[in-house]
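Asks: My structure is below; once you've seen it, I'll send some questions.
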Amino acid sequence: MTPSLANFLWSLFWGSAIVVIPATVALFILSQKDKVERRRF
């Protein structure tokens, strides 16, 4: 594997991690918050 290919794969990995992890956390927080509001009504 060439260094440029390795760098490309690592950038894909970290790019997806930077996007996916906060999105997952945000969805989890929203789902928890939504559950609380739904129980109130």
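The values are calculated or read from the model by the stated rules, or taken from the named source; none is laboratory data. Quick caveat: nothing in here was measured; it's all calculated off a predicted structure. When the accessible area is computed, the model is the full protein with side chains, heavy atoms only, and any ligands, DNA or RNA have been set aside. Shrake-Rupley method; radii C 1.70, N 1.55, O 1.52, S 1.80 Å.
Asks: By how many nm would the segment from residue 9 to residue 31 lengthen if fully extended, with 0.36 nm per residue of separation less the alpha-carbon distance?
Replies: Result: 4.7 nm gained on full extension.
Asks: Still on this structure, please answer the following. Suppose the Debye formula is applied to equal point scatterers at every Cα of the chain; what is log10 I(q)/I(0) at q = 0.30 Å⁻¹?
Replies: Normalising to I(0) and taking log10 leaves -0.89.
Asks: Run the helix sum for the chain: -39,500 (n - 2.57) per DSSP H stretch of 4+ residues, divided by residue count, reported at 222 nm to the nearest 500 deg cm²/dmol.
Replies: Details: 1 runs with 38 residues, N = 41.
My calculation for the chain gives -34000 deg cm²/dmol from helical runs alone.
Asks: On the protein heavy atoms, probe 1.4 angstrom, tell me the percent of accessible surface of the chain carried by carbon and sulfur.
Replies: Carbon and sulfur: 75 percent of the exposed surface of the chain.
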